Amino acid sequence: MNKLSKILSFVSISLLILTNVQAQDWNITAEQKDMKLGVAYTEDIQDAGNTIFKKSCKMCHGDVNIATTNDRELPLAPNLGATDWQGANTDGEIFTKISNGKGGMPPFSGSLSDDDRWKIVAFIRSSYSDYTPPVTDATADTKPKTPKFEGEIKDIEATYDDELNSFIVRIIAVDADGHPAKAQGIKLDFFVKRYFGDMALFEGERSNEDGEVIIEAGKLKADKDGNISIIARTSDKAITSEKTITIGYAKVWDNPILGRNIWGTSGRTPLWMLISYLVFTFGTLLVLGWAAFQLLRIHNLRER
Ligand code: HEC
């Protein structure tokens with residue numbers, strides 16, 4: 001092959017691949033499209049789907065339940081919480097797209113079981129209020145959903161209960177008529193405040209029938225001053241509340257520089273090593289200074 005034909009074949013092969021990628025379609029059969037949700041549509045299943053989603057999908061697709069903010073890492077990967085997209089896709093279509101992939105979307109039929117992929121579909125659907133699970137054998141033990149809280153969340157209040165040794169995180173809400181109400185089933189995320197960013201504790205924890213989430217302080221580690229700062233946030237990040245308590249015991253951090261560490265200087269260095277180090281350092285500086293001085297002298301002699 002001469003050079004030109006090599007180049008030509010390279011160009012045509014590249015073009016072929018390029019057009020192929022662009023012309024690619026999801027290629028979903030009518031049968032696949034008609035597939036119905038293959039797992040029960042319960043909060044447990046949706047939460048399990050959320051866990052898998054966080055591990056395998058979130059890095060590209062971002063959060064699903066927030067249609068208002070775009071926190072996607074990869075702009076090409078669509079926000080799967082968007083209501084128009086949810087409305088335009090059947091359960092079977094979503095499942096098949098996850099299974100087979102396309103372009104930048106990897107296929108998951110090999111790495112996730114059918115059950116796990118359906119759980120993800122259930123999770124994606126949980127953010128879509130117009131969704132009603134189909135009635136099939138698989139969804140037979142679907143419990144009725146906790147009635148969706150129709151009121152408005154005003155605030156989150158975090159307090160500490162000495163007797164329970166627990167944080168009580170209460171959602172302050174009003175019902176449709178503006179009367180104070182207990183907001184059940186609202187998802188909250190919890191973090192512990194740290195110097196470098198916040199450490200996620202629990203995500204998607206749902207409030208109980210009193211509109212509260214109770215978190216045992218004993219399970220949490222305090223910082224070196226004995227403080228525990230807990231941050232509660234609604235899962236849509238709209239409302240945040242922070243509460244700090246000081247517990248009696250402070251965690252004492254060992255300084256890794258001290259003690260056995262060979263690089264430790266303070267306290268551990270033998271005197272002879274310290275003296276030789278200083279003599280060597282200042283000796284070197286002295287020699288360098290002397291050399292510079294001699295050079296200057298030679299320079300001055302030449303000038304004269
Ligand atoms: C490496 C990044 C990446 C990962 C990981 C990823 N996706 Fe995707 N996904 C994409 C991209 C890019 C597209 C758009 C593909 C296209 O339209 O050609 C996409 C498309 C989709 C679609 C179809 C959207 C439409 O246009 O109808 C669904 C559904 C989907 N992804 C679900 C998932 C799920 C569920 C997971 C985890 C199991 C996942 N994705 C993991 C990048 C990713």
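The values are calculated or read from the model by the stated rules, or taken from the named source; none is laboratory data. Since the structure is predicted, the reported quantities are computational estimates derived from the model, not experimental observations. Here the Cβ positions follow ideal geometry from the backbone for every residue, glycine too, while neighbour counts run over all protein chains shown.
Could you list, in sequence order, the residues of the range 89-116 that are part of a helix (DSSP H, G or I), near the ligand (Cβ under 7 Å from one of its atoms) and touching a helix residue (DSSP H, G or I) at 6+ places or on another chain (Cβ under 9 Å)?
Matches in the range 89-116: Ile94, Ile98.
Under 6 Å between Cβ atoms, at least 6 apart or on separate chains: pull out the pairs that start in the range 97-112 with a residue that is surrounded by 14 or more Cβ atoms within 10 Å (Cβ to Cβ) and end on any residue that is of a type in the set (Val, Ile, Thr).
Phe108/Ile98
Taking the residues in the range 78-88 that are near the ligand (Cβ under 9 Å from one of its atoms) and surrounded by 14 or more Cβ atoms within 10 Å (Cβ to Cβ) as candidates, determine which candidate is farthest from Ala138 (Cα to Cα).
Across the range 78-88, the extreme among qualifying residues is Pro78.
Please go through the range 175-216 and give me each residue that is farther than 27 Å from Phe149 by Cβ and in contact with a Phe, Trp or Tyr (Cβ under 8 Å, 6 or more places away or on another chain), ordered by number.
Met199 - this is the single residue of the range 175-216 that is farther than 27 Å from Phe149 by Cβ and in contact with a Phe, Trp or Tyr (Cβ under 8 Å, 6 or more places away or on another chain).
Being touching a helix residue (DSSP H, G or I) at 6+ places or on another chain (Cβ under 9 Å), more than 16 Å from the ligand (Cβ to nearest atom) and at pLDDT 80 or above, is that true of even one residue in the range 177-187?
Within the range 177-187, one or more residues are touching a helix residue (DSSP H, G or I) at 6+ places or on another chain (Cβ under 9 Å), more than 16 Å from the ligand (Cβ to nearest atom) and at pLDDT 80 or above.
Any residue in the range 116-127 that is modelled with pLDDT of 85 or more, exposed (fewer than 13 other Cβ atoms within 10 Å of the Cβ) and among the acidic types (Asp, Glu)?
No, the range 116-127 has no match at all.
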